[in-house]
Structures are given as structure tokens and as C-alpha cells.
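Read the structure below first, then the notes.
The values are calculated or read from the model by the stated rules, or taken from the named source; none is laboratory data. Only a predicted model underlies this, so the values are computations on that prediction, with no experimental measurement involved. Every residue, glycine among them, receives a Cβ derived from its backbone with ideal geometry; neighbour counts consider all protein chains shown. Note: areas computed on protein heavy atoms with side chains; ligands, DNA, RNA excluded. Shrake-Rupley method; radii C 1.70, N 1.55, O 1.52, S 1.80 Å.
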Amino acid sequence: KPLTLRFDVSTTPTFMKEVKVKVPMDRSYEQTDETAGSTVTKVFKAMRQVTEFHYDVELEWSLSIYSGTSVDERTVLMSNKSSSVIVKQAKESSRLRISPQSYELPLTWLLKQVNLDDMASQFKVDTSRESTKTPRRNDDVDEAIVFSGRLSSWIGQIHTGLYGSLAQIEGQHDPALEKDRQRSYMSDMSSSIDPTFNPILPLMEDRSERSSETEDEVVPGCMIKIEAQSHEGNTDRNVLLSSSDLTKLTNEHARSLQEGLETCARAFDASEYVVTTTAEIELGAVLRNLRSLSIQYEET
């Protein structure tokens, strides 16, 4: 059955209360009182009264995967549900609401490139086809580029549907008193800079002979272990990189991505955001790396 990756997001605003707030103005005035032959002058700060409208905004999103058409039986991979108070100076909540949105990415092509018996990539260019002209001009690579484009488009939809909407919601937070206001840092999340190490394999290298040297041992406790693949009982000795080198590359990618997520969590300052939590920051880091991988693949 085909598998589909799905992202759902929505926000629900609920009116909480109306509050009258006295806000100091830039100007002041004097009041003079005469008592028992003496004159007393007092200086008062001019005040104006502002009505605040407080809304509880509940944010809910999930990243899930499902088989065939069984959307209701999907497996949730990552999710978050949080609520925050947005203060406005007008009783209007329509722009605080994100109607339920879903963005889907079919994974059928990607999974066809994986040998499920040994969890190894089986992507290759069919050189017997008449349409195969060069290592780049062929149907197999064209299909890979199409999937990469769909991945980038899906990530773009999430950035617009989640982060674009959160920026709009946080921008409406407008308490009457200056001390209660917060600068929105949502624009910082649109950065395309990805510090994660992305491995590049030398696909065009001619490696007909392998060194007779034994492979280095992989450090115990690594997150990913890639075994040397064998076909019809014969281990492929013409692969470009040894299994230990591939293991080191993929583990460095996983390690640097994990380090990036931990850095995001440590650097997160709740006082800089109104609705956003660490979950949205970490999701943004993962999506940024996926987009970086997609762009890197298309460019190389």
C-alpha cells in the first residue's frame, strides 16, 4: 500500500475577558490647591483608558503517516498542543483562527528505492533504456528530481500554513501597556541557513578496485549501522564507499541534527514569543534540514 506523510494544523481562539487599562500619556497637567493661606501645586500624569480584549488561542498540529486511504488510522510521529493568551484592542478574532489545514506528501516513489529486506538503497539508473542519455538525463533521475521538488513544495506549505500564520497571530498581540508587549521573533525562523552536516556521496567516481585494507571499526553505540550488502552470496566489492564510511557519514548527519535540536531548545526564550513553543522551533529545524537536503540533491 502507498504511504503518505501528512501535516495537520489549526488554531482555535476563545474570548476570555474584557479589561479596562489606564495608560500613561506623554503629557501631564498641574493642579493647584489653596489651604489655610498656603498654595500647593501637584503635577499629574495624563492617563487614558484603553479596553483590552483577551483571547485564549489554542494551537494544535501533528506530523503523521498513514497507509493507503486509512487517514483515521494514521500514526502520529510528532505533535504539539499548546495555548497562549493574545491581547487585542479590538474585539475581533477571525485573524487568530487557522482553519484546519492538511498538507500531504506521497512517499510511494521514495519507498520503492529501499530494499526492505536489508533496508538498503536500491536506486539506480537503468542504462538499458533508450531514454537514458547521460547520468543526469534519464527517467530515473528525473523521477528523483520530481520527488525532491514535491518535498520542497510540501515544506513550503508547512512554512506558510504554520509559521506564516503564527507570525500573523503573534503580530496581533497588542497589550495597552508597553511593558506587556513582546517583539515577534517569527521572522528569525524563515532563515535558510542550515548548520547540519549533510553527507555527499561521490556518485561519479570510478572505483573499480577496492583497497585490500580492512575496514575501520565503527564506534560502538552509534545511532546508525550500515552493513556491507551482498548479492547472490557475493559481497559487492565495487561500491564507492565502505560500509563503515557510510555509517560514519550518516551518523555524523544524525549527530549534528540532534545537536542542532538541542541548541534550539537551549536557546529558546519563551519571553521572546507569544504562541510559539520549543516544539515549533525544533520542527522548523528539521524542516530546514529536509529542504537543505532537497536543494543539495537537485544541485548535485
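Before moving on, here are some points about what is shown:
- Taking the criterion of being touching a His at 6+ places or on another chain (Cβ under 9 Å) and either open to solvent by less than 70 Å² (accessible area, probe 1.4 Å) or over 30 Å from Leu63 (Cα atoms) (or both), the residues of the range 9-20 that qualify are Lys17, Glu18, Val19.
- Residues in the range 262-284 that are at pLDDT below 90 and aliphatic (A, V, I, L, M): Ala265, Ala267, Ala270, Val274, Val275, Ile281.
- Scanning the range 85-112 for residues that are of a type in the set (S, T, N, Q) and without any contact (Cβ under 8 Å) to a residue 24 or more places away in the chain returns a single hit, Ser94.
- Subset of the range 272-300 [open to solvent by 70 Å² or more (accessible area, probe 1.4 Å) and within 24 Å of Asn80 (Cα to Cα)]: Arg291
- Candidate set from the range 133-149 (those that are modelled with pLDDT under 85 and of a type outside the set (D, E, K, R)); member that is nearest to the chain's Cα centre (by Cα): Pro135
- Flag for Asp72 being of a type in the set (Asp, Glu), out of contact with any Leu (no Cβ under 9 Å at 6 or more places or on another chain) and at pLDDT below 90: no
- Qualifying residue in the range 253-261 (condition: within 25 Å of Val141 (Cα to Cα) and at pLDDT 60 or above): yes
Conditions tested, residue by residue: (1) of a type in the set (Asp, Glu); (2) in contact with a Ser or Thr (Cβ under 6 Å, 6 or more places away or on another chain); (3) surrounded by fewer than 17 Cβ atoms within 10 Å (Cβ to Cβ).
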site: Ser165; (1), (2), (3): no, no, no
site: Glu170; (1), (2), (3): yes, yes, no
site: Asp174; (1), (2), (3): yes, no, yes
site: Leu177; (1), (2), (3): no, no, yes
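- Selection of the range 264-300 for residues being farther than 24 Å from Asp142 by Cβ, in a helix (DSSP H, G or I) and among the aliphatic types (A, V, I, L, M) yields Ala265, Ala267, Ala270, Ala279, Ile281, Leu283, Ala285, Val286, Leu287.
- Test: residue in the range 121-144 that is part of a helix (DSSP H, G or I), touching a residue at least 40 places away in the same chain (Cβ under 8 Å) and surrounded by 12 or more Cβ atoms within 10 Å (Cβ to Cβ): yes
Yes/no matrix, rows are residues, columns are (1) surrounded by 13 or more Cβ atoms within 10 Å (Cβ to Cβ); (2) at pLDDT 95 or above; (3) farther than 30 Å from His173 by Cβ:
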| residue | (1), (2), (3) |
| --- | --- |
| Lys22 | no, no, no |
| Gln31 | no, no, yes |
| Ala36 | no, no, yes |
| Val43 | no, no, yes |
| Ser62 | yes, yes, no |
| Val85 | yes, no, no |
| Ala90 | no, no, no |
| Arg95 | yes, no, no |
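- Any hit, the range 233-247, residues being surrounded by 16 or more Cβ atoms within 10 Å (Cβ to Cβ), among the hydroxyl-bearing types (Ser, Thr, Tyr), part of a helix (DSSP H, G or I) and at pLDDT 85 or above: no
- Looking across the range 67-77, just one residue is surrounded by 13 or more Cβ atoms within 10 Å (Cβ to Cβ) and in contact with a Ser or Thr (Cβ under 7 Å, 6 or more places away or on another chain), and that is Arg74.
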